[in-house]
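Here the structure comes first, spelled out in structure tokens, and everything after it is commentary.
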Amino acid sequence: MLAADFVRDEPDPFHWRMGVRPLELDKWLIKDARFEVDLAELRLQLVERRDEIIYCEEGSEGACAEIYAAICAHCSLSEAETFVPAGREIIEAARLIVQEDLCVMTRKNGLWVMVACAVAFPTSWDVQSKFGKSLDEIHEPVPRYSTDLSKSMNVFFDRLRAEAPVWRSNRTLSDRSSLRLEPYTRSQEAQTEITSDNAGDKVFLRVEYQTLRKFPMSDSVLFTIRILQQPLRELLDEPVALRSLVRGLARMPPDIATYKRGTHNYEEVIVEWAKRSGIEIT
């Protein structure tokens, strides 16, 4: 599974869309060749900033336990391997056996609220500002969310069925290869050393592969986020995806491009690099 696999044409004119697709349960969580590398980085992040990664609201332990059991079953772990202490350690234990970040949403007072999470590799946001918040509050910084997505997303969560999980993807560009992007990277200035000569090696396509699955006993929804990254040069072997990506840059409105800061910073050099690399942009 590569980041380029999830590049598709953006709607023209641009608007946010959920773009969910049916998910086969045997493909729910993906273990690949990066497993040991990703888990090593996760453990390092937990040592350095556990309190910025692991959150568990009192009363959400039952939902976390149900989710943990499902993850263990999916990963075919033995009984000895699945022992876990109570409390907030449940969601942490679940995160330590998969490559995906985990967010647990439960319906409270008519709103879907994040009640537990284990997020080590956010894309330019901090967990502290999202934990305990509703869907609309979580997405408040996203331009056009209220008009494009708010109603449909809340209805979707209400109607999601345990037997019908889904997946979706979200993409951006970054001049950093690290899995964890701190909030300040959203407002950073362009690196002047990145030019149309080296953009293929210095700019990365970053994709969030996301799944949503309802758990019936706790009536909670688990939202998983898996980070996939490739330097743009690797997309030369996927010209259809690269052309789609470059067309999307040209169509992106200024407010969205600014929100996706890496896109805004490097649009011109990426287009020029693609042309120099022999990619016809139509």
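The values are calculated or read from the model by the stated rules, or taken from the named source; none is laboratory data. Predicted model, so just to flag it, every value in this text is computed and none were measured. No Cβ is skipped: glycine too gets one built from the backbone with ideal geometry, and neighbour counts run over all protein chains shown. Accessible surface is based on the protein model in full, side chains and every heavy atom, while ligands, DNA and RNA are left aside. Shrake-Rupley method; radii C 1.70, N 1.55, O 1.52, S 1.80 Å.
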Q: Place a +1 charge on the Cβ of each Lys and Arg in the chain and a -1 charge on the Cβ of each Asp and Glu, then give the dipole magnitude about the Cα centre in debye, rounded to the nearest 20.
A: 640 debye
Q. So what's the back-of-envelope 222 nm ellipticity for the chain, counting only DSSP H runs of four-plus at -39500 (n - 2.57) apiece and dividing by all residues, rounded to 500?
A. -9500 deg cm²/dmol
Q. Can you give the angle from 0 to 90° between the axis of helix 150-159 and the longest principal axis of the chain, with both taken from C-alpha atoms, to the nearest 10?
A. 40 degrees
Q. Given the C-alpha centroids of the range 91-170 and the range 199-230, what is the distance between them in whole angstrom?
A. 11 Å
Q) To the nearest 10 degrees, how steeply does helix 61-74 sit against the main Cα axis of the chain, on a 0 to 90 scale? A) 70 degrees
Q.
Nearest 10 degrees is fine. How inclined is helix 35-49 to the longest principal axis of the chain, computing both from alpha carbons?
A. 70 degrees
**Q.** Residue-count net charge about ILE71 - beta-carbon cut-off 11 Å; Lys, Arg +1, Asp, Glu -1
**A.** 0
Q: Over 27 Å between C-alpha atoms is what I'm after, so list which of LYS108/LYS151; LYS108/LYS130; LYS31/LYS151; LYS27/LYS275 land there.
A: LYS31/LYS151; LYS27/LYS275
Q.
Let's see if you can work this out: charge +1 on each Lys and Arg Cβ, -1 on each Asp and Glu Cβ, no other charges. What is the dipole magnitude of the range 31-71 about its Cα centre, in debye to the nearest 20?
A. 200 debye
Q) For the chain, which whole percent of the accessible surface, found with a 1.4 angstrom probe, sits on carbon and sulfur atoms? A) 51 percent
**Q.** Accessible area per residue in Å² at 1.4 Å probe, computed on the range 114-206
**A.** 46 Å²
Q: Could you pull the accessible area for HIS139 with a 1.4 Å probe, rounded to 10 Å²?
A: 50 Å²
Q. Lys/Arg Cβ at +1, Asp/Glu Cβ at -1, dipole of the range 208-282 taken about the Cα centre: which of LEU235, PRO254, THR224 is farthest positive-ward?
A. THR224
